[in-house]
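In what follows, a structure is listed as structure tokens, so that the remarks can point back to it.
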Amino acid sequence: MECVLGIETSCDETAAAVVTGDLSIRSSVVESSIDQHRDVGGVVPELAGRAHVATISPVVARALGEAGLDPRRPAIAGIAVTSGPGLVGSLLVGLSFAKALALAWDVPYVGVNHLEGHLFAPRLEAPGLAWPLMTLLVSGGHSMIVYQRGPGEHEVLGETVDDAAGEAYDKVARWLGLGYPGGPVIDHLAREGVAANLPLPRGMLGEGLDLSFSGLKTAVVRATEGRDDLALADVAAAFQATLAEQLLRKLRAALAAHEVRSVALAGGVAANSALREGVASLATELGVTAHLPALAFCTDNAAMIAAAGIHRLAHGGASPLSLSARPNWDLREVA
């Protein structure tokens, strides 16, 4: 079966994957530059871009080799590459590399919206997941609730009006001196803490399906400033419980307003234990199928870009060589 090569360089992961037309993954390679960003507590765009330049060629070659393809001239049907949203310098590295390969190999290529890639990720693990589908997409840069009628047919029902969930984790972790990235360390600490020991205000009550986490971050700062008596584990547990409560409350409201057969988690924060448990419990309560992605498919990867690209190549055709990076590409603009 013909394959598509996927390339992802929207942030700090350089990734390449080979996926078949029936969404079987033949290879998936991810090289992260996160160690270069730990000391400053966040991704440095220039460092991320330089890392992509250094790693993209070997990462693509490895993905092709692991898929059993000739890295010099592989037998593929096309190339899918993230063209937005993301860091403009990082996006340009992947986009330029994909264009060069498309010309050298005489195959079509298509620019893919990174967020739509996350929406296609569940299909890689659960190709039989029934439509319509509700997806809670939560990452370091984006948090949204998306209703999907079918492949490529999506409607954004609500999204964050300020900080994304992952961004809030990183900012709270920085305030507490826990390092970067904040999500894994807070999740680990929260399991040992008692959320009730630090009551925090619930956000976005009666605000439709939109989300907001900036106020929660500020509430944590105000509640802990000068408080040496508070256990870090209790603070982590309170923050995580309050953030998850808002996400799950909004997801419940979305599910109540739309008849769906499945609900899925996507994005980096989909690895969070409280959120995974909450979505699984909500799905059981409502009698719908839940998809909780494997941890490898929570973070950015190129297999999801290839999956979205297969759909876009089949239904929209190839992108022109004049295509440029779109760092602020809104999912609502993808049709």
Residue count for segment 131-156, restricted to those that are part of a strand (DSSP E or B) and touching a strand residue (DSSP E or B) at 6+ places or on another chain (Cβ under 7 Å): 14
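Let's see how each residue does on (1) touching a Gly at 6+ places or on another chain (Cβ under 8 Å); (2) modelled with pLDDT under 95:
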{"site": "63", "(1), (2)": "no, no"}
{"site": "84", "(1), (2)": "yes, no"}
{"site": "98", "(1), (2)": "no, no"}
{"site": "109", "(1), (2)": "yes, no"}
{"site": "140", "(1), (2)": "yes, yes"}
{"site": "144", "(1), (2)": "yes, no"}
{"site": "156", "(1), (2)": "no, no"}
Residue within segment 167-187 that is farther than 22 Å from residue 294 by Cβ, touching a strand residue (DSSP E or B) at 6+ places or on another chain (Cβ under 8 Å), of a type outside the set (D, E, K, R) and touching a residue at least 24 places away in the same chain (Cβ under 8 Å) present: no
Residues located in segment 236-256, provided they are in contact (Cβ under 8 Å) with a residue 24 or more places away in the chain, of a type in the set (A, V, I, L, M, F, W, C) and under 18 Å from residue 204 (Cβ atoms): 238, 239, 241, 243, 244, 247, 248, 251, 253, 254, 255
Residue list for segment 195-219, filter: within 17 Å of residue 173 (Cβ to Cβ) and within 25 Å of the chain's Cα centre (by Cα): 213, 214, 216, 217, 218
Number of positions in segment 183-209 that are assigned to a loop (DSSP other than H, G, I, E, B) and crowded, with 16+ Cβ neighbours inside 10 Å: 6
Residue match in segment 113-130 (condition: without any contact (Cβ under 8 Å) to a residue 60 or more places away in the chain, buried (at least 20 other Cβ atoms within 10 Å of the Cβ) and part of a strand (DSSP E or B)): no
Segment 28-45 residues that are on the phi < 0 side of the Ramachandran plot, paired with ones that are of a type in the set (Ser, Thr, Tyr) and part of a strand (DSSP E or B) (beta carbon under 7 Å, 6 or more apart): 31/14
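The rows are residues; the columns are (1) under 23 Å from residue 318 (Cβ atoms); (2) small (Gly, Ala, Ser); (3) in a strand (DSSP E or B).
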{"site": "4", "(1), (2), (3)": "yes, no, yes"}
{"site": "11", "(1), (2), (3)": "no, no, no"}
{"site": "16", "(1), (2), (3)": "yes, yes, yes"}
{"site": "22", "(1), (2), (3)": "yes, no, no"}
{"site": "27", "(1), (2), (3)": "yes, yes, yes"}
{"site": "31", "(1), (2), (3)": "no, no, yes"}
{"site": "35", "(1), (2), (3)": "no, no, no"}
{"site": "39", "(1), (2), (3)": "no, no, no"}
{"site": "42", "(1), (2), (3)": "no, yes, no"}
One residue from 302, 238, 290 being aliphatic (A, V, I, L, M), crowded, with 23+ Cβ neighbours inside 10 Å and closer than 30 Å to residue 3 by Cβ: 302
Count of segment 15-25 residues which are in contact with a Pro (Cβ under 9 Å, 6 or more places away or on another chain) and either hydrophobic (A, V, I, L, M, F, W, C) or in contact (Cβ under 8 Å) with a residue 40 or more places away in the chain (or both): 3
Complete set of residues in segment 9-24 that are surrounded by fewer than 22 Cβ atoms within 10 Å (Cβ to Cβ) and either among the hydrophobic types (A, V, I, L, M, F, W, C) or closer than 15 Å to residue 112 by Cα (or both): 23
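Results for (1) assigned by TED's automatic domain parsing to the domain that holds residue 169; (2) under 20 Å from residue 149 (Cβ atoms); (3) touching a residue at least 40 places away in the same chain (Cβ under 8 Å), shown as yes or no for each residue.
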{"residue": "264", "(1), (2), (3)": "yes, yes, yes"}
{"residue": "269", "(1), (2), (3)": "yes, no, yes"}
{"residue": "274", "(1), (2), (3)": "yes, no, yes"}
{"residue": "280", "(1), (2), (3)": "yes, no, no"}
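The values are calculated or read from the model by the stated rules, or taken from the named source; none is laboratory data. These numbers were taken from a predicted model, which means no experiment stands behind them. Glycine also receives a Cβ, built like all others from the backbone with ideal geometry; neighbour counts cover every protein chain displayed.
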